[in-house]
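Undergrad: Structure below; questions to follow.
The values are calculated or read from the model by the stated rules, or taken from the named source; none is laboratory data. Just so we're clear, the structure is a prediction, and the values are computed from it rather than from any experiment. Cβ coordinates were reconstructed from backbone atoms using ideal geometry, including for glycine residues, and neighbour counts include every protein chain displayed.
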Ligand code: SAM
């Protein structure tokens with residue numbers, strides 16, 4: 001074992017020297033998920049409640065749940081679980097060295113979540129790959145209201161690189177577009193919203209984002225059939241035919257969806273999270289993006305003239321001066337979001353690019 005530190009917690013992981021790579025270790029720990037865990041601690045804090053029952057049914061080393069207990073100040077009862085026996089033993093050890101109390105189970109996550117029916121305030125699904133197989137049970141475990149969080153590392157499927165797999169796993173049509181990261185995120189939220197509706201929950205996304213190898217999503221969920229109907233106000237289809245390319249397609253083949261077309265997060269809670277310190281710039285960017293309703297971003301090369309284009313920073317300034325509100329996006333280094341139409345943006349940026 002190796003002793004590590006993350007946030008305010010010390011914990012054991014399998015010795016990285018002994019096992020080449022994180023996937024061959026007997027218990028899974030990915031240091032590249034630190035930001036995911038830190039932002040999750042912040043959102044629990046910003047949620048503003050205490051004494052919460054938090055269930056993390058795919059715990060690995062237990063680091064995530066233990067950080068919630070130690071750092072958020074929001075946890076009353078902590079329920080950890082892993083299907084691997086070795087993992088649960090390590091979780092117990094890690095709880096002990098941090099002086100944290102928790103119930104630890106060694107079951108299939110879905111079995112546990114069904115058994116916990118109606119008792120949890122926060123359910124966090126952090127699987128290998130897709131959270132889809134656990135989402136229905138996650139809502140079962142939730143009380144009248146609470147937080148549902150999920151990580152998805154099957155990003156290639158969600159962004160439309162494997163359309164058939166996407167259709168099987170998420171029941172949605174996705175194919176590659178220039179704004180594929182946003183398609184992936186909205187694809188995931190759309191799926192969760194439909195599962196939520198099937199369990200009579202309405203969801204309001206509080207934070208959703210992409211970081212290289214995963215998508216992350218946290219929503220406030222509240223039970224009620226009438227409210228749950230509202231989820232479908234935010235579900236829609238996106239028509240994309242690829243700029244000026246002329247393509248003959250079968251009916252429906254140029255539509256992506258169903259996708260979430262509503263807000264991807266709540267700026268107020270994001271600003272509150274930013275007050276706690278870490279990741280301030282990232283959080284401010286998210287809050288700005290969430291204030292734009294249009295469900296896609298544009299990318300600078302789409303407005304180039306003869307291969308020439310102003311930089312993103314210049315473009316944001318030019319658009320602002322032309323009275324068009326736009327923001328950078330965490331989803332692409334050369335992307336920006338705006339509620340204005342492609343035509344309006346192109347008129348301003350292309351004119352500028354011609355002139356330079
Ligand atoms: N949440 C952890 C963290 O933040 O460090 C990492 C969890 S890891 C990505 C996924 C874990 O789920 C693994 O430890 C694996 O053993 C466990 N697992 C896989 N399938 C499961 C199932 N059906 N029920 C419960 N646990 C499962």
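Undergrad: Provide a single number: the residues in region 68-82 that are free of Cβ contacts under 8 Å to residues at least 60 places away in the same chain and within 14 Å of the ligand (Cβ to nearest atom).
TA: Pass one, region 68-82, residues free of Cβ contacts under 8 Å to residues at least 60 places away in the same chain: 68-69, 72-82.
Right, trim to within 14 Å of the ligand (Cβ to nearest atom) and you get 68-69, 78-82.
Residues in region 68-82 being free of Cβ contacts under 8 Å to residues at least 60 places away in the same chain and within 14 Å of the ligand (Cβ to nearest atom): 7 in total.
Undergrad: Might you check whether a residue that is within 16 Å of the ligand (Cβ to nearest atom), assigned to a helix (DSSP H, G or I) and at pLDDT 95 or above occurs anywhere in region 205-214?
TA: No - not one qualifying residue is present in region 205-214.
Undergrad: Can you pull out every residue in region 108-131 that is in contact with a strand residue (DSSP E or B) (Cβ under 8 Å, 6 or more places away or on another chain) and either away from the ligand (no atom under 12 Å from the Cβ) or in a helix (DSSP H, G or I) (or both)?
TA: Our first condition is that a residue be in contact with a strand residue (DSSP E or B) (Cβ under 8 Å, 6 or more places away or on another chain); within region 108-131, this holds for 109, 112-113, 116, 118-127, 129-131.
Selection gives 109, 112, 113, 116, 118, 119, 120, 121, 122, 123.
Undergrad: Next question. Restricting to region 1-12, what's the tally of residues that are in a strand (DSSP E or B) and within 25 Å of the chain's Cα centre (by Cα)?
TA: Keep residues of region 1-12 that are in a strand (DSSP E or B), which gives 2-6, 9-12.
Imposing the further condition that a residue be within 25 Å of the chain's Cα centre (by Cα) reduces the set to 5-6, 9.
Final tally of qualifying residues: 3.
Undergrad: Considering only residues of region 30-63 that are more than 12 Å from the ligand (Cβ to nearest atom) and assigned to a loop (DSSP other than H, G, I, E, B), which is farthest from residue 77 (Cα to Cα)?
TA: The qualifying residue farthest from residue 77 (Cα to Cα) is 48.
Undergrad: Then there's this: Spot the failing condition for residue 104; the list is (1) surrounded by fewer than 22 Cβ atoms within 10 Å (Cβ to Cβ); (2) more than 13 Å from the ligand (Cβ to nearest atom); (3) outside any helix (DSSP H, G or I), and only one is missed.
TA: (2)
Undergrad: Let me spell it out: the conditions are (1) within 26 Å of the chain's Cα centre (by Cα); (2) within 26 Å of residue 133 (Cα to Cα); (3) at pLDDT 95 or above, and residue 23 meets all of them except one. Which number is the exception?
TA: It is condition (3) that residue 23 fails.
Undergrad: Give region 161-187 a look and list any residue that's assigned to a loop (DSSP other than H, G, I, E, B), touching a helix residue (DSSP H, G or I) at 6+ places or on another chain (Cβ under 8 Å) and under 22 Å from residue 205 (Cα atoms), or say none.
TA: 171, 172, 174
Undergrad: Another question, if that's okay. Can you work out which of the residues in region 29-42 that are touching a strand residue (DSSP E or B) at 6+ places or on another chain (Cβ under 9 Å) and over 14 Å from residue 209 (Cβ atoms) is surrounded by the most Cβ atoms within 10 Å (Cβ to Cβ)?
TA: Ranking the candidates gives 29 first.
Undergrad: A further question on this structure: Can you tell me which residue within region 189-204, out of those that are touching a residue at least 60 places away in the same chain (Cβ under 8 Å) and part of a strand (DSSP E or B), is farthest from residue 45 (Cα to Cα)?
TA: Applying the filter and picking the extreme gives 201.
Undergrad: Between residues in region 18-40 that are farther than 30 Å from residue 270 by Cα and touching a residue at least 12 places away in the same chain (Cβ under 8 Å) and residues that are within 10 Å of the ligand (Cβ to nearest atom) and assigned to a helix (DSSP H, G or I), which pairs lie under 9 Å by C-beta distance while being six or more apart or on different chains?
TA: 26/86; 26/87; 26/90; 27/86; 27/87; 27/90; 27/91
Undergrad: What pairs come out if I take residues in region 83-97 that are away from the ligand (no atom under 14 Å from the Cβ) and pair them with residues that are at pLDDT below 95 and not in a helix (DSSP H, G or I) whose C-beta lies under 9 Å away, six or more apart or interchain?
TA: Matching pairs, first to second residue: 93/1.
Undergrad: Would you check which residues across region 132-149 are within 11 Å of the ligand (Cβ to nearest atom) and under 12 Å from the mean Cα position of the chain (by Cα) and list them? Spell out how you get there, then give the answer.
TA: Filtering region 132-149 down to residues within 11 Å of the ligand (Cβ to nearest atom) leaves 133-134, 137, 149.
Passing the criteria: only 149.
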